[in-house]
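> Sharing a structure below in structure tokens format, with a few things to ask.
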Amino acid sequence: MRSLDTNVLVRYLAADDPRQCAIAERVIEECLRNDEPLYLSAIVLCELVWVLSRLYHQTKPQIAGHLEQVLRTGQFSIEHDALVRRALRAWRAGKGDFSDHLIGEISRQAGCRDTVTFDRALRGVAGFSLLA
């Protein structure tokens with residue numbers, strides 16, 4: 001198994017740098033030919049969302065589409081797969097950032113009764129308690 005860093009996944013999805021995109025595609029296709037999974041950490045997915053939003057100015061639906069594409073790709077082994085999927089559903093439908101929802105899901109799985117935050121965007125979101 002190999003692991004992809006955020007910048008490789010961004011080049012692959014955005015295809016904005018022909019040279020780096022070709023390299024990323026070559027690595028991914030080589031792993032596919034060799035039936036070798038590619039590991040994506042939860043941090044890479046959070047960074048991916050941030051980069052696509054802040055640097056590429058993509059909308060939430062566009063970014064969610066990229067995440068869904070990644071989750072549908074059988075070659076990718078996703079850290080906290082079920083939690084990432086739940087976080088994606090919550091983020092699509094609600095407030096806050098994708099990373100907030102993933103933090104909440106990971107915290108719930110760890111047995112936490114809530115995640116305390118100062119982030120006002122999470123007011124009223126299940127599993128979060130806003131500190132005044």
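No lab work stands behind these numbers, since they all come straight from the coordinates. It should be emphasised that the depicted structure is a prediction, and the values quoted were computed from it without experimental measurement. Note that we place each Cβ from the backbone using ideal geometry, even for glycine, and neighbour counts take in every protein chain shown.
> Evaluate the charge dipole of the chain about its Cα centre and quote only its size in Debye, nearest 20, assuming +1 on the Cβ of each Lys and Arg and -1 on the Cβ of each Asp and Glu.
Value, rounded to 20: 560 debye.
> Here's something else I'd like to know. Test of understanding: given the chain, find the longest segment containing no chymotrypsin sites (Phe, Trp or Tyr not before Pro) that are in a DSSP loop and have at most 14 other Cβ atoms within 10 Å.
It works out to 57-117.
> Would you please name the GluC sites (Glu not before Pro) within the stretch 67-132 that are DSSP coil residues with at most 16 other C-beta atoms within 10 Å of their C-beta?
Those that pass, being in a loop and sparsely packed, are Glu79.
> At most 13 other C-beta atoms within 10 Å and a DSSP loop state: those are the exposed trypsin sites (Lys or Arg not before Pro) I care about. Give me the longest piece of the chain that has none.
After excluding every exposed loop site, the longest remaining stretch is 1-112.
> Next question, about the same structure. Around Asp119, what is the net charge, scoring Lys/Arg as +1 and Asp/Glu as -1 over all other residues with Cβ under 15 Å from its Cβ?
0
> Please name which of Pro37, Leu122, Ile63 has its Cα lying farthest along the dipole of the chain towards the positive end, using unit charges on Cβ (Lys, Arg +1; Asp, Glu -1) and the Cα centre as origin.
Result: Leu122, furthest along the dipole toward the positive end.
> So, in Å, what gap is there between the alpha-carbon centers of the stretch 112-132 and the stretch 43-92?
So the separation of the two Cα centres works out to 22 Å.
> Let me ask something additional. Relative contact order for the stretch 80-132: what percent, with Cα pairs under 8 Å and sequence separation of 6 or more?
28 percent
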